[in-house]
Amino acid sequence: QDQIVLQLFACMDKIWQANDFDFRLSLFNVVQTQERCGFIEMITESETLREIESRSGTIKGSLGESALYDWLRLHNTSDREFRIALENLTYSCAAYCVATYILGIGDRHNDNIMVKQSGHLFHIDFGKYLGDTQKFGWFNRDRAPFVFTKQMLYAMSDRGTSNDALHRFVDLCCNAFCTLQQNSSLLLLLLSHLCSSNVANLNHDAVRFVYDRLSPLTNYAHSIAHFTELIVDSLNSTWTTFNFLIHTFAQTTNSTNSSNTISIGTTLSFIPKTYTIATDGKIISAHVVSYEKRTHPTKHYLYKVKVEREIFDDNIIINNQNITRLYITYHYRTYNEFYELYERLNKQFPLINLDLKFSRQTEDKIVAQRRVSDINDFLENLFRLTNEVVE
């Protein structure tokens, strides 16, 4: 079933791209080797929504709005990376809302939806499809047309600061839906051919189900109005959030140890992955240029850091050597994050002479100004150390 659903997703993606739409789908390969056995391609640097939400706590993560936004900000530290991640989230979420609605994909809990660190959202596990919904006893668990939550919108709108985010998302969904509607014959033809595969629930009733979802005879204006209503219904569905929470409680009960716990000593809490000079260039300097006051979730200050790094340019070679170019990025860090870096360095290299004054006094404008100077002294001394430490 997964193999067939992914084939249909790939067909949709080809239709969109043929009409100049790139919805940034993350399609993976599935190969069946025998009954209930096969290979599934791994998509790296991704986590399920449940894992993302659990970082904020079981209740707060499932019921709150900020978990996905915070996770994307954690993995995309520069403004440019973060903007691209939000774009990827918006486009891919729109595509999967349309695709899962048309194919009637069920059992959509927060362990069947994943997000890459780059912001690409994608769905997995298609055991329930073509209108075969997941039930709890006699009760239908898939009550929303598709999964589009306030948590997703909160991230897309950059913590609710973009008033156009929802309108843009609606436009993307409607464009995706109407494009498939106008090219429905190709999708329905593929589905008809797949009916001979002897896969469960894949028959001519399934073709009729998809035909009814696409409604190819409906005019453009009515199609847009209809899908807009579906988006609003999904966004306002409290059952989706409740379903996520129930599933999270069940998984927490079944497993007390997370396989995704970050190993102490290998990464920092605010950078949960490893960077190398080979892949990301050599940082030659870092300097705090300003600070900003934030009030969410509580009042705190962020320090804007200008980072200069040397990156080898593979396209330019002089005297058999690659030429390096200077690359500048800006990142936001809290004072506590700088202090975590300071403590980690001192534990790993106890003989280095680094100092960063730390106090638990309430952070205000005067304290923030003083800390800019303290952080810059720390960074300046850091980059004077040996390559063993700096690299």
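The values are calculated or read from the model by the stated rules, or taken from the named source; none is laboratory data. Keep in mind that what you see is a predicted model, and the values were worked out from it rather than measured. Cβ sites come from the backbone with ideal geometry, for glycine too, and all protein chains shown count toward neighbours.
Structure notes:
- From the options Thr133, Thr161, residue that is in the same structural domain as Ala18 (by the TED database), without any contact (Cβ under 8 Å) to a residue 60 or more places away in the chain, in contact with an Asp or Glu (Cβ under 7 Å, 6 or more places away or on another chain) and farther than 23 Å from Ala18 by Cα: Thr133
- Filter result (assigned to a loop (DSSP other than H, G, I, E, B) and modelled with pLDDT of 70 or more) within region 247-281: Ser269, Phe270, Pro272, Lys273, Thr274, Tyr275, Thr276, Gly281
Yes/no per residue for (1) farther than 24 Å from Ile328 by Cα; (2) modelled with pLDDT of 90 or more:
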| site | (1), (2) |
| --- | --- |
| Arg50 | yes, yes |
| Arg55 | yes, no |
| Gly61 | yes, no |
| Ser66 | yes, yes |
| Leu72 | no, yes |
| His75 | no, yes |
| Arg80 | no, yes |
| Ala85 | no, yes |
| Leu89 | yes, yes |
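- Residue-level analysis places Pro350 outside the set of residues that are modelled with pLDDT under 85 and under 30 Å from Asp158 (Cα atoms).
- Filter result for the condition that a residue is surrounded by fewer than 18 Cβ atoms within 10 Å (Cβ to Cβ) and touching a strand residue (DSSP E or B) at 6+ places or on another chain (Cβ under 8 Å), over Thr133, Thr161: Thr133
- Residue within region 239-247 that is in contact (Cβ under 8 Å) with a residue 40 or more places away in the chain, farther than 25 Å from His167 by Cα, under 31 Å from the mean Cα position of the chain (by Cα) and assigned by the TED database to the domain that holds Gln17 present: no
- Only one of Leu189, Leu172 that is under 29 Å from Leu235 (Cβ atoms), modelled with pLDDT of 95 or more and assigned by the TED database to the domain that holds Asp20: Leu172
- Hits in region 140-159 - residues which are not in a loop (DSSP other than H, G, I, E, B) and not hydroxyl-bearing (Ser, Thr, Tyr): Asn140, Lys150, Gln151, Met152, Leu153, Ala155, Met156
- Which listed residue is on the phi < 0 side of the Ramachandran plot, touching a Phe, Trp or Tyr at 6+ places or on another chain (Cβ under 6 Å) and either outside the structural domain of Asp22 (by the TED database) or surrounded by 14 or more Cβ atoms within 10 Å (Cβ to Cβ) (or both), from Ser234, Ser184: Ser234
- Taking first residues from region 271-296 that are basic (Lys, Arg) and surrounded by 12 or more Cβ atoms within 10 Å (Cβ to Cβ) and partners that are modelled with pLDDT under 90 and part of a loop (DSSP other than H, G, I, E, B), the Cβ contacts under 8 Å between residues at least 6 apart in sequence or on separate chains come to Lys282/Glu391; Lys293/Lys299.
- Close Cβ contacts (under 8 Å, 6 or more residues apart or on different chains) running from residues in region 1-26 that are not assigned by the TED database to the domain that holds Leu121 to residues that are assigned to a helix (DSSP H, G or I) and modelled with pLDDT of 95 or more are absent.
Quick grid of which residues meet (1) surrounded by fewer than 16 Cβ atoms within 10 Å (Cβ to Cβ); (2) more than 30 Å from Glu308 (Cα to Cα):
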position	(1), (2)
Thr33	yes, yes
Arg36	yes, yes
Glu51	no, yes
Arg55	no, yes
Leu63	no, yes
Ser78	yes, no
Arg83	yes, no
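- All of (1) in contact (Cβ under 8 Å) with a residue 60 or more places away in the chain; (2) out of contact with any Gly (no Cβ under 8 Å at 6 or more places or on another chain); (3) not aliphatic (A, V, I, L, M) hold for Glu53 with one exception: (2).
- Test: residue in region 218-228 that is in the same structural domain as Leu166 (by the TED database), in a helix (DSSP H, G or I), hydrophobic (A, V, I, L, M, F, W, C) and under 19 Å from Arg108 (Cβ atoms): yes
- Across region 22-32, not a single residue is classified as assigned to a strand (DSSP E or B) and either modelled with pLDDT of 95 or more or among the acidic types (Asp, Glu) (or both).
- Screening Gly106 on (1) modelled with pLDDT under 95; (2) farther than 24 Å from Phe242 by Cβ shows it passes everything except condition (2).
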